[in-house]
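Heads up, the thing below is written out as structure tokens.
The values are calculated or read from the model by the stated rules, or taken from the named source; none is laboratory data. Everything numeric in this text was worked out from a predicted model, so none of it was measured. As a convention, Cβ positions derive from the backbone with ideal geometry for all residues, glycine included, and neighbour counts pool all protein chains shown. All accessible areas refer to the heavy atoms of the entire protein, side chains included, with ligands and DNA or RNA removed. Shrake-Rupley method; radii C 1.70, N 1.55, O 1.52, S 1.80 Å.
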Amino acid sequence: MTSGERPTTRHRRERMVELLGAGDGSVHDLAAAFGVSLSTVRRDLAALAGDGRITRTYGGAVEHRAAERSWHDKARQHRTEKGAIARTAAALVRSGDVVLLDAGTTVARLAHELRARTDITVVTNGLSTLVELADAEVEVVVLGGRLRRPNESLLGTRTDQALRGITPDLAFLGVDGLDPRRGVNCPDPEQAALKETMARCARAAWVLADGSKLAGGGGFPYWAAVPAGTGLITGGAEAGCGERDRDDGDDGGDGGAARHLAAFAAAGWSVLPCGRRPAPDGGPGPTPGS
């Protein structure tokens, strides 16, 4: 904090850090909580980020020591966008494919989209995916391991050993946060290592991330590096996902989201906005901002 701050500004920013420590905070939510304008909140967040006290995200911020939220909490957020992302991902799955599904709420939405498929095999370590496919006709292979809460995933030595014997056609990964150059942000080093293995063992890997995951990482200390050319399926109004969910926040307009997509494309990611049809060769079409 700068020494020239007004006491009211200093107090408000301290309270913002406390609120962000309880989870993600959108610009709109913070403005309503403190009775100030959106531009004031953005100035506060920029100052706190400059001091290294928070991490900016698309539409808001998280405190650097962000608490990991429960699967049920995450499932309630960005539902419209996650559904559009899942439908776009499902269109990539071809007859005969072996599909690796990571844990995560958006990946679980993809599992729901695949329920009617009888011509594919799903390999998963996610309990939410198992619930989605429990009474479906899809052939399911479960990666054994230790149950990790609160993201409801199986991981550990047994999971790694099982993955060594599989070469999936497609892998779809869930994320807590994402950076164009550092990769997937994770709250646990074992989880980060597993995501790296998943991304590298498949013939093609795709990360499923709603717009809130695209800027500033996720506030956790561990990173999973992904191979060059890894795909990113994401959303936003300008990406063809329709109107954003009310809790999606705002970063000052669709231009901010387009800049994020351009940054990922520039770093070597294959960016496929939801609602965009894959190119004839199975890759993504043109990327906004590229």
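Computed quantities for the displayed model
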| item | result |
| --- | --- |
| Strands (runs of 3 or more DSSP E) contained in the range 111-154 and holding at least 1 residues open to solvent by less than 20 Å² (accessible area, probe 1.4 Å) and of a type in the set (A, V, I, L, M, F, W, C) | 121-124 |
| Lone qualifier among 148, 109, 87 - being out of contact with any strand residue (DSSP E or B) (no Cβ under 6 Å at 6 or more places or on another chain) and either touching a residue at least 60 places away in the same chain (Cβ under 8 Å) or farther than 15 Å from residue 171 by Cα (or both) | 87 |
| Failed condition for residue 101, given (1) open to solvent by 10 Å² or more (accessible area, probe 1.4 Å); (2) within 18 Å of residue 232 (Cα to Cα); (3) not small (Gly, Ala, Ser) | (1) |
| Where a residue in the range 8-20 is farther than 9 Å from residue 30 by Cβ and its partner, wherever it lies, is surrounded by 15 or more Cβ atoms within 10 Å (Cβ to Cβ) and aromatic (Phe, Trp, Tyr), with Cβ under 8 Å and at least six apart | 12/34; 15/34 |
| Index of the failed condition, residue 159 passing every other in (1) closer than 18 Å to residue 201 by Cα; (2) surrounded by fewer than 16 Cβ atoms within 10 Å (Cβ to Cβ); (3) of a type in the set (Ser, Thr, Tyr) | (2) |
| Number of the condition not met by residue 158 [criteria: (1) in a helix (DSSP H, G or I); (2) under 22 Å from residue 232 (Cβ atoms)] | (2) |
| Residues located in the range 35-46, provided they are crowded, with 17+ Cβ neighbours inside 10 Å and of a type outside the set (Lys, Arg) | 41, 44, 45 |
| Boolean, residue 228 is in a loop (DSSP other than H, G, I, E, B) and either open to solvent by 30 Å² or more (accessible area, probe 1.4 Å) or without any contact (Cβ under 8 Å) to a residue 12 or more places away in the chain (or both) | yes |
| Enumeration of residues in the range 163-202 that are without any contact (Cβ under 8 Å) to a residue 60 or more places away in the chain, farther than 23 Å from residue 144 by Cβ and open to solvent by 10 Å² or more (accessible area, probe 1.4 Å) | 179, 182 |
